[in-house]
Amino acid sequence: MTSRNIGIMRYNPEQDKKPHTESYQVEADDNTSVLDALQQVQQQDPSLSFRWSCRMAICGSCGVMVNSVPKLGCQTFLRDYPDSLVISPLSNFAVEKDLIVDMEPFLEHLSAIKPWLINSEQSTVPHVQTPQQLARYQQFANCINCGLCYSACPQFGLNPEFRGPAALALAHRYNLDSRDLGKAERMPQLNAKDGVWTCTFVGFCSEVCPKKVDPAAAINQGKVESAKDMILSVFKSSGVR
Amino acid sequence: MLQLDMDIIVVGGGGAGLRAAIAAAEVSPSIKIALVSKVYPMRSHTVAAEGGAAAVTSDDDSLQSHFYDTVAGSDWLADQNVVEFFVQHAYQELVQLERWGCPWSRKSDGTVQVRRFGGMKTERTWFAADKTGFHILHTLFQTSLKYPAIKRFDEYFVLDLLVVEQQVAGVLAIRYSTGELVQLRAKSVILATGGAGRVFHYNTNSGIVTGDGMALALRHGVALRDMEFVQYHPTGLPGSGILITEACRGEGGILLNKDGYRYLQDYGLGPETPLGEPRNKYMELGPRDRLSQAFWQQQKLGLTGDYQGHAVVYLDLRHLGEKHLNERLPLICELAKDYVNVDPAKTPIPIRPAVHYTMGGIMTNVDCETSINGLFAIGECASVGLHGANRLGSNSLTELLVFGKVAGEKAAGTALQKNGISHHAFATQIAEQEAALAALHGHNSDDSLVAVRTGMTLAMEQGCGIYRDEEGMQRCLEQLHELNTRYTQLKVVDHGKVYNSALLQHLELGFGLDVAMTICSSALARTESRGAHQRTDDGMGTRNDGEFLQHTVAVRQVDGSVGIHWQPVSVTSLPPGQRLYGDANTSNTAEDKS
Ligand SMILES: Cc1cc2nc3c(=O)[nH]c(=O)nc-3n(C[C@H](O)[C@H](O)[C@H](O)COP(=O)(O)OP(=O)(O)OC[C@H]3O[C@@H](n4cnc5c(N)ncnc54)[C@H](O)[C@@H]3O)c2cc1C
Ligand code: SF4
Ligand code: FES
């Protein structure tokens, strides 16, 4: 264990006009994560607030900026930042207190794309789905809703109405599922002004994703679907079939 | 104070709570359901479950066989009427999840694939890669979004139940983001708050698993049952306790001591199975309690290794090969690399037992009803009578679904029939809570929340660990009393309203202490060894069905101490037999009769 310095962005809405960085001493070895460090600081100063739960990179609670890059605190290790290390709240979301941001916009975008299997058939037996059919969407089903991709997305930064990487990837996940019949219901969301076309394919979302969901690929494939869908609807409305 | 009238309140957004909320919403779209959770539902601990969910699936399996495995696994302390109900409804619930989109792993013909799991005789565990809990939770959460009847209260912390004359009337909660007190009133309340693993020092559980719901119920006179049974998982990572799933052993992983010897064969689990040919109920696929106990024995013999000051044994997966590992156990490869810096394809993973699951909980009947009218409990916070003295891996995810549905439907039925309670009835209770909260703020001189909490987790680890004795537990109980006294003098040093995590941690510690006390008191009362409860005192080393084929029922006394009563176990068809594994099991006749 060696002692080292880290910076943490602090903000208390009941006292501070704006966020500021404070510096703290923590004990670290090879296995010390950013989350471990935050917990140490919280023992010194119980007023520090941050979210965490599983401490094993699966619950999606602990997203923060580490030296300005979105990361999961529990899966980021001090060993990889030998020089300076500053922890701040996720960008592009409103800061509520210290490292806690307002996740409601994220949840709204997620709900808006109808992220559930749409298929009204009633049955008491499982669908048949081959490993190949499963493989088509599986990667996009691995999203832990951590929101890192929203912090990485310049478009979401400019326009909070943009559905954003995780929501669009989730829509794509259901659209690709062989058991789902709801694509037609989801397409209007994808085609809309704040849907896939807002994305300018920066690709940073996929780089920061801790679960290799590759939302950028999902959005790109979504654009192809959206283009097809719009051409079809033009044909339909002009009576050509 | 914000006051809201609902029909049903579900406390907990894990697998159990979400399943219940959906079941209630399906009863009637006009029912008003509040889903209250201290974290966003998809952060709930269910997300961390890796291995799978059990149900009789293949043609060569049978309900009797699942029943037998569960009852024998429970060391005959499961209520057999409950186990019967459970095994009958398990399959349909997993199919229901499939119909809601859960990405279960498949065989090449497109049917659902099942895998081996410790303590189960037959392959019957459904899985979704090694992220089963994650996929179950997200499938349920996303499905819940389509029911307008379900109104979510995310990041609301429940600190008390509202009860009037043995009739539940709602809950009192703190809105984490603003610090406001909120009064939620309803005719039925379902507790689905998860387990209490965090009262122990080494555990596999998320930080939020602090026993809140158990303590909420206990404080209102509801009994906690079988609390002495706490399951250690044999394979946690040293230090953090992060779980390395049992599926590793199902796939063929083996356990070695520091000399590279497969020590399990010395503890009634042999003979040694050939490498790459795991056999159910043999060696590494024996039940968890036996495996954790074998670790303790090896440690005593000086045969465990060392990882940064922690005693460990080794989980060897090298023979499975990199490709197979990445395909079947991707999460485990990631975890091992991140948290102990080991590539499982090249090096065995250091592991040690860690507290994993609380078998006991809020006492309910098979309909999930508690002794308070309109109050239900489900999931890990409950004791419906399924797990007895030892839970079998992959039974509990299925339990969340089977009993979540039961509770949701019952609660809806109750809510539709009942009239609300006049809220004047609990005005005093609320005033008292408000005053107590206000009095919490202040400064501590030389004590701290962390000191008291660490005191509790260490006391439990030492006094109520894998092996227990009278002296150790008495000491633990005294320590808990002292810690409780210190706790009542502690103040919350953060006086803010917005996201005051110091306040929530303070309340969680209070819940944890209550739960720890019932675990220790129940363990002291059971002067035999059974399942996860193993005593080293003279004459208590074996199971004693003559006296103890009974549940402990812990209730809070007027003076705050815990009183223990006994309740007979329901035995319908399988009289107590021996729990045998390895070759010893082949001569077991009780099994043939079941
Ligand atoms: C690492 C790990 C792996 C596991 N793997 C398996 C497996 O493979 N198979 C299997 O069958 N079982 C497994 N289990 C066990 C199983 O996952 C749990 O028993 C189960 O998920 C518990 O679900 P639950 O819904 O009861 O509670 P949880 O998922 O813990 O949810 C509890 C909910 O209650 C809420 N809550 C708690 N207190 C309060 C409060 N005061 N106010 C408001 N809300 C509150 C929380 O916010 C949360 O939403 C595993 C457990 C662990 C630790
Ligand atoms: S897509 Fe990746 S980065 Fe975005 S929320 Fe999901 S897991 Fe997080
Ligand atoms: S604490 Fe769960 S993802 Fe980091």
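Tabulated data for the structure shown
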item	result
Highest-fluctuation residue, A:158, A:176, A:168 considered, GNM on chain A with Cα pairs under 10 Å	A:158
HN-Hα J in Hz across segment B:230-236 - Karplus 6.51, -1.76, 1.60, θ = phi - 60°, x for Gly and Pro	10, 8, 8, 8, x, 10, x
Two-decimal ratio, segment A:104-237, of alpha-carbon radius of gyration to 2.2 N^0.38 Å	1.05
Percentage relative contact order, segment A:2-101, counting C-alpha pairs under 8 Å, at least six apart	33
Proximal lysines relative to residue B:418, as straight alpha-carbon distance under 21 Å, when same-chain residues fewer than 8 apart are discounted	B:32, B:151, B:187, B:405, B:410
Å² of accessible area per residue within the protein assembly as shown, as computed with a 1.4 Å probe and no ligands counted	36
Relative contact order of segment B:179-311, defined on C-alpha pairs under 8 angstrom at six or more residues apart (%)	18
Accessible surface, 1.4 Å probe, highest first, among residues A:231, B:254	A:231, B:254
In the B-A interface, the accessible area buried, summed over both sides, Å² (probe 1.4 Å)	5100
Residue A:40 paired with residue B:485, simple spin-label distance in nm, labels 7 Å along Cα-to-beta-carbon	3.4
Local electrostatic count, residue A:157, Cβ distance below 15 Å [Lys/Arg +1, Asp/Glu -1]	-2
Share of pairwise Cα separations in segment A:2-101, more than 23 Å, in percent	17
Protein accessible area in segment A:2-101, 1.4 Å probe - carbon and sulfur %	46
Integer Hz, Karplus 6.51/-1.76/1.60 couplings in order for segment B:531-536, x for Gly and Pro	x, 6, 9, 10, 10, 9
Rg/Rh for chain A, where both radii come from Cα atoms and Rh is the Kirkwood radius	1.06
Probe 1.4 Å - accessible area at residue B:428, Å² to nearest ten	100
Nearest 10 degrees, 0 to 90: helix B:80-99 Cα axis against chain B principal axis	90
FRET efficiency estimate (nearest 0.05) - Cβ-Cβ, residue B:469 to residue B:318, R0 35 angstrom	0.35
Other-chain or far-sequence residues with amide H under 5 Å of residue B:169's (modelled H)	B:162, B:163, B:164
Filter on A:97/B:38; A:212/B:258; B:38/B:497; B:300/B:323; A:114/A:223; A:228/B:323 - keep pairs with C-alpha separation over 27 Å	A:212/B:258; B:300/B:323; A:228/B:323
Under the Karplus curve 6.51 cos²θ - 1.76 cosθ + 1.60, θ = phi - 60°, whole-Hz ³J(HN,Hα) for segment B:314-322, x wherever Gly or Pro sits	10, 9, 9, 10, 4, 5, 6, x, 4
Sum of side-chain charges, residue B:86 neighbourhood, beta-carbon under 11 Å (Lys, Arg +1; Asp, Glu -1)	-4
Highest-MSF residue in chain A out of A:42, A:132, A:122 [GNM, Cα springs under 10 Å]	A:122
Sequence-distant aspartates and glutamates (8 or more away, or on other chains) whose Cα lies within less than 13 Å of residue B:337	A:30
Heavy-atom accessible area, 1.4 Å probe, ligands and nucleic acids excluded: residues of segment B:91-110 down by at least 20 Å² from chain alone	B:91, B:92, B:95, B:98, B:99, B:100, B:101, B:103, B:106, B:108, B:110
With all protein chains modelled, accessible area of residue B:346 [1.4 Å, Å²]	140
Net +/- balance of residues flanking residue B:305 in space, Cβ distance below 11 Å, scoring K and R +1, D and E -1	0
Long-range HN-HN contacts of residue B:551 with modeled amide H, under 5 Å	B:567, B:569
Zone residues, segment B:82-126, relative to residue A:125, backbone N less than 19 Å from point 7 Å out along Cα-to-Cβ	B:90-102, B:104-114
Globularity ratio of segment A:92-153, using Cα Rg and 2.2 N^0.38 Å	1.59
Exposure ranking of B:187, B:281 by accessible area [1.4 Å probe, largest first]	B:187, B:281
Chain B, Cα convex hull volume normalised per residue, Å³	147
For chain B, share of DSSP beta bridges that run antiparallel, in % to the nearest 5	65
FRET efficiency, residue B:578 to residue A:15 (Cβ-Cβ, R0 60 Å, nearest 0.05)	0.40
Accessible carbon and sulfur surface of segment A:104-237 relative to its total accessible area, %, 1.4 Å	58
Approximate shape of segment B:119-212 as ellipsoid semi-axes (Cα gyration tensor, √5λ), whole Å, largest first	30, 19, 16
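The values are calculated or read from the model by the stated rules, or taken from the named source; none is laboratory data. Here the structure is a predicted model, which means the values were calculated and not measured. In this analysis, Cβ positions are derived from the backbone assuming ideal geometry, glycine residues included, and neighbour counts consider all displayed protein chains. SASA here: full protein model, heavy atoms, side chains in, ligands and nucleic acids out. Shrake-Rupley method; radii C 1.70, N 1.55, O 1.52, S 1.80 Å.
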